[in-house]
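Some notes on the structure that comes next.
The values are calculated or read from the model by the stated rules, or taken from the named source; none is laboratory data. What you see is a predicted model, and the numbers here were worked out from it, not measured in a lab. Counting neighbours? That spans all protein chains shown, and the Cβs are built from the backbone with ideal geometry, glycine included. Just so you know, the surface numbers come from the protein's heavy atoms only, side chains and all, with ligands and any DNA or RNA stripped out. Shrake-Rupley method; radii C 1.70, N 1.55, O 1.52, S 1.80 Å.
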Amino acid sequence: MLKNDLLLRAARGENVERAPVWLMRQAGRVLPEYKATRARAKNFVEFVKNPELACEVSIQPVDILGVDAAIIFSDILVIPEAMGLPYQMIEAKGPWFEKTIKNLADVEQLKIAQADDLDYVMKALQLTKKELNGRVPLIGFAGAPWTLFAYMIEGSGSKTFSKAKQFLYAQPQVAHALLEKITQSTINYLKGQVNSGADLLQIFDSWAGVLSEPMYYEFSLHYISKICDALSPLVPVTVFAKDAHFAIQKISETNCSAIGLDWTLDPLKSRGQAGNKTLQGNADPCLLYADEKKIISDTQHMLRAFGKQRYICNLGHGLYPDLDKEKVKLFVNVVKEYKWE
Ligand code: CP3
């Protein structure tokens, strides 16, 4: 069915002719074509809720950058919204929630989201799957429960996430009740994504790095592991826990198929910690500000370090909006043209 299934084979640990490549935040502002489509929506939230526009920007990077997968254009914040906390995306600032969670009564008011509550994401996936017509796999995603919890408590981004962490220390039982509700919502949501055409799922734990190691296992990985248990019988699941350098081995003990690495991690050391899981990453997005020669040599060096099998080439975090599209293309082409021994 799929003409290019490199990503799925790599994720499952099957043999590949070359490493697949896609980029976090590829469906985004690095492409002028994205900006043009976005201008047709009233605001970011309406953009995310429009399946035709979401489909258009999900496919743009496949056509323009030549990546080996599409990721559905959406946001991790659709889950808090479906549970009862609407969000806005403030220009040049980021996410903002008018209501936040303060206590058990607030948690009890939240609903457990069902796939139907996120019908617009399901429609966007169905449409994108159809438009892709088997060219490349389609990636679905969700935020990790801890990362969503952090937004639901703070109401916005934060340097320290100290309010969210305060909640873990001061009201641990309420925190677990909320994390459990987010987890159940996420499982319903991701099962819906698979039914709507997602071939692989990625869990983004963007704020993993603000927790201590024991707190990370108790309040984050425990719930990610439940999600992997529920979804991995259906499709491969990639866990990307940014800055959780201490957790690679423990992540490899979950039922995930692949582990995303940020750019601070060493490929060889990570191989030693990750058992037989596939690794994904991990070029510094800022490498793409360098000149062409440096981009080519560092990318080739990274490919050699990870090796051809059980590897998905990507950045160590998302593309920055001011990167030059030609340099992004160069990165993708270096991976696709690399002469493996
Ligand atoms: O990767 C992709 O191309 C798919 C689309 C995608 C978006 N957000 C679209 C988006 C994905 C996978 C996300 C995930 C997401 N959203 C994460 C986890 C990944 C990460 O970057 O750590 C987080 C933490 C969010 C929350 C969020 N959404 C923030 C903090 C912001 C503002 C800051 C920023 O990076 O712009 C967003 C907005 C957002 N989500 C944009 C896009 C393309 C930019 C909005 C715009 O068009 O101006």
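Let me spell it out: the conditions are (1) touching a Pro at 6+ places or on another chain (Cβ under 9 Å); (2) away from the ligand (no atom under 15 Å from the Cβ); (3) aromatic (Phe, Trp, Tyr), and Trp263 meets all of them except one. Which number is the exception?
Single failed check for Trp263: (2).
Got a number for residues in the range 53-89 being open to solvent by 10 Å² or more (accessible area, probe 1.4 Å), of a type in the set (A, V, I, L, M) and within 9 Å of the ligand (Cβ to nearest atom)?
Qualifying residue count for the region: 3.
Which one is nearest to Phe141 (Cα to Cα), of the residues in the range 5-34 that are more than 16 Å from the ligand (Cβ to nearest atom) and loosely packed, with under 15 Cβ neighbours inside 10 Å?
Ranking the candidates gives Glu14 first.
If you go through the range 96-112 one residue at a time, do you hit one that is part of a strand (DSSP E or B), open to solvent by 10 Å² or more (accessible area, probe 1.4 Å) and in contact with a Gly (Cβ under 8 Å, 6 or more places away or on another chain)?
yes
Please name all residue pairs, on different chains or six or more residues apart, with Cβ atoms under 6 Å, provided the first residue is in the range 130-157 and is farther than 21 Å from Leu234 by Cα and the second residue is open to solvent by less than 10 Å² (accessible area, probe 1.4 Å) and of a type in the set (Asp, Glu).
That search, which allows pairs on different chains as well, returns Thr147/Asp205.
Tally time: how many residues in the range 224-244 are within 16 Å of the ligand (Cβ to nearest atom) and in a helix (DSSP H, G or I)? Before the answer, list the steps.
Going through the range 224-244, the residues within 16 Å of the ligand (Cβ to nearest atom) turn out to be 224, 227, 237-244.
If we keep only those that are in a helix (DSSP H, G or I) too, we end up with 224, 227.
Looking only at that region, the number is 2.
For the range 165-179, does any single residue satisfy the condition of being under 21 Å from Tyr87 (Cβ atoms), in contact (Cβ under 8 Å) with a residue 24 or more places away in the chain and in contact with a Ser or Thr (Cβ under 6 Å, 6 or more places away or on another chain)?
The answer is no, given that none of the residues of the range 165-179 is under 21 Å from Tyr87 (Cβ atoms), in contact (Cβ under 8 Å) with a residue 24 or more places away in the chain and in contact with a Ser or Thr (Cβ under 6 Å, 6 or more places away or on another chain).
Give the range 165-208 a look and list any residue that's more than 16 Å from the ligand (Cβ to nearest atom) and touching a Lys or Arg at 6+ places or on another chain (Cβ under 6 Å), or say none.
The one that is more than 16 Å from the ligand (Cβ to nearest atom) and touching a Lys or Arg at 6+ places or on another chain (Cβ under 6 Å): Thr183.
I'd like the residue in the range 306-337 that is open to solvent by 30 Å² or more (accessible area, probe 1.4 Å) and within 20 Å of Asp266 (Cβ to Cβ) and, out of all such residues, is nearest to the ligand (Cβ to nearest atom).
The extreme case among them is His317.
Where residues in the range 231-248 are within 15 Å of Asn195 (Cα to Cα) and out of contact with any Ser or Thr (no Cβ under 8 Å at 6 or more places or on another chain), which of them is least open to solvent (accessible area, probe 1.4 Å)?
Leu231
Every residue in the range 195-207 that is outside any strand (DSSP E or B), touching a strand residue (DSSP E or B) at 6+ places or on another chain (Cβ under 7 Å) and among the hydrophobic types (A, V, I, L, M, F, W, C), please.
Within the range 195-207, Ala198 is the sole residue that qualifies.
Answer yes or no: is there a residue in the range 140-163 that is charged (D, E, K, R), open to solvent by 10 Å² or more (accessible area, probe 1.4 Å) and touching a strand residue (DSSP E or B) at 6+ places or on another chain (Cβ under 6 Å). If you could, list the steps in order and put the result at the bottom.
Taking the range 140-163 and keeping what is charged (D, E, K, R), we get 154, 159, 163.
When the remaining residues are screened for being open to solvent by 10 Å² or more (accessible area, probe 1.4 Å), the result is 154, 159, 163.
Subsequent filtering for residues that are touching a strand residue (DSSP E or B) at 6+ places or on another chain (Cβ under 6 Å) retains none.
No, every residue in the range 140-163 fails to be charged (D, E, K, R), open to solvent by 10 Å² or more (accessible area, probe 1.4 Å) and touching a strand residue (DSSP E or B) at 6+ places or on another chain (Cβ under 6 Å).
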